[in-house]
């Protein structure tokens, strides 16, 4: 059977688990460590595919759940799959929709997984069975039932290069007993996803990744990593709740990485803070995806080399109304080359879409440049010094 994905490790950092690699897919290659911009509904918010190409983005991630609901996988398949539909010829990753399904209703899991728990536990609007998950569409209230097999079938139709297995995302309020049962169900679903995928012709051109779960429980994380890593997936992802604090999620990754086969790529799901990216790379993560930089941009927060301010500049503040300097004098993106902080302040305060676009361009440019610097420093043997400089320590 032809390989839908090739992964090669090109360099290691002697002071950590950081590594540089290259991923080859039917729609091209991308270098790792990488940050993957999130194109939730087949578009990165406020940007066109041409903007992403100008930024030298090499891969994007699309959301199976949202595209399943609208415009529908069959429609996208009829229009050339996601690559043709979006006008994006480079690699595409699709998630399984599991995270969105399990965060429906009161949104408690979504809040907790993003570190912003709000109030006591609320009843879920999904019904979980061994067969799959029943949920209501937030668009029209229609009932849908997702099985592991259907989650893969939808991703087959979308035509992405890398697919993710259907899993259950657990959050902080789930106790050990529930988390253990959930992990075991996720493992059974992983086997079903893999069997369905490998029995189809899509396995020749689409790679499938398994997802490690287990919450903040070391034994469950290690068991899940060993089980998922022992199945013939093309790569592995780390998902679910990573803890209430930075230190907890660092520890979760440290438990998981040693259990995963070194020759396969590792994707940490839903992580995008600057320190998270740097520390994730140091612990052996190959790539990350997160909507954080685009979400921050829409709220007037721009990223830059300012560790004392958590790498964030809040441009909607009045102090920037007459600031004629660029967002970041060290940045060569379109936004910083051609516009001032004062202009972006005005656009963002006015709700102008141009402001969202320019802020998004800058935030993605910053993170993509951060990944390039990480790769260069790992190869050159300067990762430890670079890590300290970015984090503002030492």
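Read-outs: derived from the displayed coordinates by stated rules, not from any lab. As the structure is a prediction and not an experimental result, all values here were calculated from the model. Positions of Cβ are generated from backbone atoms using ideal geometry, with glycine treated the same way; all protein chains shown enter the neighbour counts.
General remarks:
- Acute angle (nearest 10 degrees) that the helix 246-256 long axis makes with the longest principal axis of the chain, alpha-carbon atoms: 40
- Directionally averaged projected area (convex hull, Cα atoms, the stretch 171-211), nm²: 3.2
- Kirkwood-Stokes translational diffusion coefficient of the stretch 179-243, alpha-carbon pairs, 10 °C, 1.306 mPa s, µm²/s: 131
- Share of pairwise Cα separations in the stretch 147-279, more than 25 Å, in percent: 23
- For the chain, the longest principal axis of the Cα atoms and the long axis of helix 341-350 meet at an angle of about 50 degrees.
- Sequence ranges 299-308, 361-370, ranked by mean other-Cβ count within 10 angstrom, highest first: 361-370, 299-308
- Alpha carbon centroid spacing (whole Å) that separates the stretch 36-81 from the stretch 142-171: 16
- DSSP assigns beta bridges within the chain; of those with both partners inside it, close to 45 percent run antiparallel.
- Here the gap between residue 175 and residue 352, fully extended at 0.36 nm per residue and compared with their Cα-Cα distance, gives a gain of 59.3 nm.
- A crude spin-label estimate for the pair residue 342 and residue 127, with each label 7 Å from Cα along the Cβ direction, gives 6.1 nm.
- Tail fraction, Cα-Cα pairs, the stretch 301-391, threshold 20 Å, whole percent: 38
- Percentage of interatomic Cα-Cα distances in the stretch 1-97 larger than 23 Å: 33
- Folded to 0 to 90 degrees: helix 218-230 orientation relative to the chain principal axis, Cα: 70
- Remark: the chain is approximated by an ellipsoid whose semi-axes, taken from the C-alpha gyration tensor as √(5λ), come to 32, 24, 22 Å, largest first.
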